[in-house]
Amino acid sequence: MSLESKIKDFSKGIGIDLIGITSAEPFNDVERVFIERIKKGYYRSFNYNSERVKFICNPKKILPDAKSIISIALSYNVHVEEIENKLRENSNNTLLKDQKNKGVVNSYNIYSNERETGSKENTGIISKFALGIDYHEILRDKLEILADFIKKISLKNFKYKILVDTGPMVDRAVAFRAGIGQYGKNCCIITKRFGSWIFLGEMITNLELQSDKSNFEDCGDCDLCIRACPTQAIISPYIIDTRKCISHLTQKKGEIPMNLLEKMGRRIYGCDICQDVCPYNKEAEFTKESDFLPILQTGKDLELSKLININESDYNKLFSSSVITWIGRNTLRRNAIIASGNIADLNAIDSLLKVYKDDDEIIRKYADWAIKKIKK
Ligand code: SF4
Ligand code: SF4
């Protein structure tokens, strides 16, 4: 069996859903397009500059004797009941114990694919990818286990670097070139089995491995995601202006353009609209990864009136294991305030009035906006 086949076989056993290999040649096209888009301001809220882009688009700058890249994808398309059963079968599962201790596992109805219509009206909506434990560590762990295996079976002096969330365009370009999936007009990588509900990670290595073929089946005449986007952030097929994208807006600190506030609706972290409408996602397989079981209870934990004044200790208790922790407490509060204004949440009035004395000018500004919206 070839080294490539052994790696791929092993990856299945550790819960890696998809794996592909590509060369470590630079991603020149991505670099050019990335820099063009930075100049146009599409990535204004990110800390990218041309030096950083050159670095992340050239694997040999990251690992000098890089020859290949192993790209992996993990589905986060959670089917709660299926995972529940898996957890019950294995009562020694440490995740189950952890989650029982946190009181999470008793709340199975916390998530459904109809969460927007099914969840309580006065709660915030978070993206599917943010419901479970922070994916960065999970992907890193899997890639480290894979690296240990490769170390054991490869005869050469094996070197590697693991990357998760290097930069949106680069992760996707690696996955595409490694044959993991195709580009969608919504800029997601779409896979045959799991749709676009996937996390991506990669390992740059000095091993010379046989590359997989990329496959490009474009979206054809479909433009559902472009039409569904509430802010017209998909400015043309395969191009998103992140300044208008709700997913980015909810994750960036500071001000949000006034003309986009209403478009955010109840979204307080991320936005799944352009993925929800995608036909490739309708029949997507569910993940078997128990680590992606939701750790947040959408009914209780995400009540807007509570989030508006959430204190540091409660914020840490609720979100420290979640990717949401990275945006910081005040950014989440700001989003909850905007959402309460958007749904004219009368329950939130008392919380909003308290915010008038807040130290943070941004928080005060949007509270004022929300109160006016509610009183209208
Ligand atoms: S994530 Fe939401 S706002 Fe961003 S492009 Fe998709 S539909 Fe539009
Ligand atoms: S919704 Fe249609 S156009 Fe958009 S990514 Fe999916 S298939 Fe492509």
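The table below lists the values:
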{"read-out": "Matching residues in segment 27-62 - criterion: being open to solvent by less than 30 Å² (accessible area, probe 1.4 Å), outside any helix (DSSP H, G or I) and modelled with pLDDT of 85 or more", "value": "27, 57"}
{"read-out": "Set 245, 229: member being farther than 30 Å from residue 150 by Cβ, modelled with pLDDT of 95 or more, out of contact with any helix residue (DSSP H, G or I) (no Cβ under 8 Å at 6 or more places or on another chain) and open to solvent by less than 40 Å² (accessible area, probe 1.4 Å)", "value": "245"}
{"read-out": "Among residues of segment 343-359, those that are open to solvent by 40 Å² or more (accessible area, probe 1.4 Å) and not basic (Lys, Arg), counted", "value": "8"}
{"read-out": "Among residues of segment 211-270, those that are within 15 Å of ligand 2 (Cβ to nearest atom) and not in a loop (DSSP other than H, G, I, E, B), counted", "value": "11"}
{"read-out": "Any hit, segment 345-354, residues being in contact with a helix residue (DSSP H, G or I) (Cβ under 9 Å, 6 or more places away or on another chain) and outside any helix (DSSP H, G or I)", "value": "yes"}
{"read-out": "Qualifying positions in segment 271-289 - more than 9 Å from ligand 1 (Cβ to nearest atom), assigned to a helix (DSSP H, G or I) and in contact with a helix residue (DSSP H, G or I) (Cβ under 8 Å, 6 or more places away or on another chain)", "value": "279, 281"}
{"read-out": "Residue that is within 16 Å of ligand 1 (Cβ to nearest atom), closer than 30 Å to residue 330 by Cβ, β-branched (Val, Ile, Thr) and open to solvent by less than 60 Å² (accessible area, probe 1.4 Å), where the choices are 239, 256, 295", "value": "256"}
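Condition check ((1) surrounded by fewer than 22 Cβ atoms within 10 Å (Cβ to Cβ); (2) in the same structural domain as residue 35 (by TED's automatic domain parsing); (3) not in a loop (DSSP other than H, G, I, E, B)) across all residues:
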{"position": "156", "(1), (2), (3)": "yes, yes, no"}
{"position": "175", "(1), (2), (3)": "no, yes, yes"}
{"position": "180", "(1), (2), (3)": "no, yes, no"}
{"position": "190", "(1), (2), (3)": "no, yes, yes"}
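The values are calculated or read from the model by the stated rules, or taken from the named source; none is laboratory data. It should be emphasised that the depicted structure is a prediction, and the values quoted were computed from it without experimental measurement. Ideal geometry is used to build each Cβ from the backbone, glycine not excepted, and the neighbour counts take in all protein chains shown. Accessible surface is based on the protein model in full, side chains and every heavy atom, while ligands, DNA and RNA are left aside. Shrake-Rupley method; radii C 1.70, N 1.55, O 1.52, S 1.80 Å.
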